[in-house]
Amino acid sequence: MSTDTHPRTHAPPADAPAQPATASPRACSPWKIVPIADYALPTDSQPALLRRRWRSFARLLRGDGEDSTQAHAEAELRALPRVRLENLVPPLDWAPAAAALDEALDGGYDEAHDEAPAGARAAHGPGVHVLVCPPACEHASVLAHWAKAHDARTIDPPDAKRILDEDVRWLDELVDAADGRPWVLPRLERCFLRHASGLALLRGVLELAFSGRLGPGLIGCDSWAFAYVQRIWPLPEATLLTLQAFDGEALAAHFVRPHLDGAARRVDFRIASSGKPLLRGPEGEQADARAADTGDAHSPELRQLAAHVRGNPGLAWHYWRRRLRSAPEPRGETGASAGKDDPGRTRRQLATGEDVVWIADNVEAPALPAESGEDDALLFHALLLHAGLPASLLARLLPLPMARIRSKLLRLEALGLIEAAPPAGAQAEPCWQVAALAYPTVREFLRSRSYLTDAF
């Protein structure tokens, strides 16, 4: 039987707008690792919104012409070919986040720990830090990049059997393997299960880490697991780091700027409903790469996206890919004149080497059925707390029969609310997790029912 399956308090999210980063060698990068106390959610600037509306009104009074590019109804638009979509929005590279982690650790973990004065090293304890990130921000990948750069030893989490058997030999193995090199524990959320017998190894590994018996190292933890761990073994605030939330300008820098002036083929991103450029300068004109780089480009759409995903770049990646469209084939232009790779490209675009990509206004995110109740909440919360679980473990952690769990999993999958990752390695069954596009909906559902949520 599981314990604490229905916690009823939750950590309130931070509401303050993100603050400008201080100058650094990587100041131009949207990737920032900050102390968790400095984490701030993005917000849409109300004064900026009012200024944009006033400029639009002023242009209307002056009789300024609208953008010449024709708007398109979303029903007319087509999904981008897979190859083109992969070129425009490739998988996120987490190496820059690992570089930002180095910067947050005073120019590199080795230098910060080994070259600091002895008094400073003592003040910072054993040199252990915890990187906390929300779902879709792959903290394990960030730490994998960091570990490779620093020749760090990677600690694999125990399997479910060792956790439930409270097999402390795993802890002894960690001590025996300590060799003076820095170590990385990428997934603290895999070191426990919310069960009467599922917390001993979590407490043990944290005691070893923060007592200094393992030496200097880094721990990665999902934000939902972190909210729970803080009630089991509160971690020192000075050791806690996180990826700063992306605001609209950070999303522009990552998803749009690489395709502007200077790119091999410039991409003209336009709003489908209005035909206007996605990035607009102070007077509404098409922004160039310099404007995007200096923060002078205005994009309400990107600010709204940042607010919707709570600054989560991993979630933004999923939504951004879903919003990109191509125009229908122009009448009278077929074959080579329209472009075989994308029928929405016109003769002018082919001649100039320019691509036009349309941004759909909305992404149809999966919706919760009206009859969603306590059983659904318990299942969602368990999946988020452990960053995904197979059905067999869900049956150990939830007060629900296996038949009901399997039925719910298939139903929620059909609704697009959860998805099954293929079995990995020795794992005999798929791991179920909340679908990325459904995450904002599921999070709000759990928050509204007073479940323990993360603060990100």
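Here are some notes:
- Taking label points 7 Å from Cα along the Cα-to-Cβ direction, A428 and L85 give a separation of 3.5 nm.
- The modelled label-to-label distance between S197 and A263, using points 7 Å beyond Cα along the C-beta direction, is 5.5 nm.
- Length gained when the stretch A403-D167 is fully extended (0.36 nm per residue, less Cα-Cα span): 82.0 nm
- Taking amide H as placed 1.01 Å from N in the peptide plane, V356 has its amide H under 5 Å from the amide H of D268, each at least 5 places away in sequence or on another chain.
- Region 372-456 shape via C-alpha gyration tensor axes, a/c threshold 1.5: prolate
- Taking the C-alpha atoms of region 105-243, convex hull volume expressed per residue in Å³: 102 Å³
- Over region 374-434, relative contact order from alpha-carbon pairs under 8 Å, at least 6 apart, %: 37 percent
- Taking amide hydrogens as placed 1.01 Å from N in the peptide plane, the amide H of G217 sits under 5 Å from those of V128, H129, W183, each at least 5 positions away in sequence or on another chain.
- Taking amide H positions as modeled 1.01 Å from N, with prolines and chain starts lacking one, the residues under 5 Å from T242 and 5 or more places away or on another chain are V34, I36, V132.
Just so you know, all these numbers are worked out from the coordinates, no wet-lab data involved. Quick caveat: nothing in here was measured; it's all calculated off a predicted structure. Heads up, the Cβs are rebuilt from the backbone with ideal geometry, glycines too, and the neighbour counts pull from every protein chain shown.
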